[in-house]
Amino acid sequence: MGLTSKEQQFYVENGYLLKKGLVSSTDIARIQEEVQDIHNRMAEQPADGIGISWEVYDSEDHPPRIKQLMHSELVSPTLNRLLRSDEVLDILEVMMGENIALYHSKLLPKAGGDGTAIPWHQDYAYWKNDNNKPVMINCQLAINEANLENGCIQFVPGSHNWGLQEHERKHQTFGVFLPGHYQEREDAVAVEMEPGDGVFFNALIIHGSAPNNSANDRLMNTFAYNVTGNGETQSREVLRGKPLDV
Ligand SMILES: O=C(O)CCC(=O)C(=O)O
């Protein structure tokens, strides 16, 4: 698929880019099946090698709900295939060059009715170390419809050019965030997506999302990529270009 020069320009200027129909409806149906009833299944028996952050609710009787499932490629063979597919990597290659490593893949199944907000943040606030640069790129894939009601992702266009901002830190998932945690921002743009759409975004763009006020889960998966050898120790594997320089 690659990118047109207009799309490339949009990405450079705004820090994100929506690609409609990135993934086929057949693959989306496969993923939906592979992650069906994911909250209850993982509460009963978590898959080997994954890391789950659970939503925290006041009531102990509340059924368990996943906030974030890290290493989602281990629960979904289709996600595992797609994260290394040409349709995704060809776009990334235009954006970040030919040396591409998988940083991680995570499922964000914001639960219907009580999936909580994701506070405003820049991903590089989590990822910065002494010898890496903010060249990582995410691709968030819509597994079902994402809209304002169910808490679709929102970006502050152009904020990837503002440098790394001061974040607050709390001990919780998405516990690194900009002052104010999450509240509506007038300078933010909501990216509504249909199943199979993907949005690529820069490691420095400010993003966040509202709670899920609909009845159904908002199923999204973020693939995060790094340039191979960019001060990393945590990349899962090299997907394209030169081998990992450790
Ligand atoms: O899913 C969302 O709404 C935000 C996800 C996010 O912050 C991320 O993947 O870095």
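The values are calculated or read from the model by the stated rules, or taken from the named source; none is laboratory data. Treat the numbers as computed from the prediction; the structure is a model and nothing was measured. Methodologically, a virtual Cβ is constructed for each residue, glycine included, from the backbone with ideal geometry; neighbour enumeration extends over all protein chains shown.
One residue alone among VAL88, VAL94 is crowded, with 22+ Cβ neighbours inside 10 Å and under 20 Å from TYR11 (Cβ atoms), and that residue is VAL88. Of everything in region 121-164, what is more than 9 Å from the ligand (Cβ to nearest atom), over 15 Å from LEU17 (Cβ atoms) and among the aromatic types (Phe, Trp, Tyr)? Give them in sequence order. Hits for region 121-164 are TYR124, TRP127, TRP162. Scoring HIS160 on the criteria (1) touching a residue at least 40 places away in the same chain (Cβ under 8 Å); (2) in a loop (DSSP other than H, G, I, E, B) leaves a single failure, condition (2). Note on region 208-227: residues that are under 22 Å from ALA111 (Cβ atoms) and touching a Gly at 6+ places or on another chain (Cβ under 9 Å) total 11. Taken together, ARG65, ARG30 contain a single residue that is among the charged types (D, E, K, R) and touching a His at 6+ places or on another chain (Cβ under 6 Å), which is ARG65. All told, ARG185 falls short of being touching a residue at least 24 places away in the same chain (Cβ under 8 Å), near the ligand (Cβ under 10 Å from one of its atoms) and either closer than 21 Å to GLY112 by Cβ or surrounded by fewer than 19 Cβ atoms within 10 Å (Cβ to Cβ) (or both). One residue stands out among those in region 59-84 that are of a type in the set (Gly, Ala, Ser) and assigned to a loop (DSSP other than H, G, I, E, B): the one that is farthest from SER24 (Cα to Cα), which is SER59.
Can we say LEU204 is more than 15 Å from GLY151 (Cβ to Cβ) and surrounded by 15 or more Cβ atoms within 10 Å (Cβ to Cβ)? Yes: the conditions hold for LEU204. Summed over region 168-180, the residues that are over 16 Å from the mean Cα position of the chain (by Cα) and either within 13 Å of the ligand (Cβ to nearest atom) or aliphatic (A, V, I, L, M) (or both) give a count of 1.
Of everything listed in (1) closer than 26 Å to HIS207 by Cβ; (2) surrounded by fewer than 15 Cβ atoms within 10 Å (Cβ to Cβ), the single unmet condition for GLN45 is (1). Of all the listed residues (SER25, SER105), the sole one being surrounded by fewer than 18 Cβ atoms within 10 Å (Cβ to Cβ) and either within 16 Å of the chain's Cα centre (by Cα) or small (Gly, Ala, Ser) (or both) is SER25. Looking only at residues of region 158-197 that are under 30 Å from VAL88 (Cα atoms) and in contact with a helix residue (DSSP H, G or I) (Cβ under 7 Å, 6 or more places away or on another chain), we find that the one that is modelled with the lowest pLDDT is VAL176.
On the stretch given as region 207-238, residues that are near the ligand (Cβ under 10 Å from one of its atoms) and outside any strand (DSSP E or B) total 2.
The residue of region 154-178 that is farthest from GLN140 (Cα to Cα), among those that are touching a strand residue (DSSP E or B) at 6+ places or on another chain (Cβ under 6 Å) and aromatic (Phe, Trp, Tyr), is PHE177.
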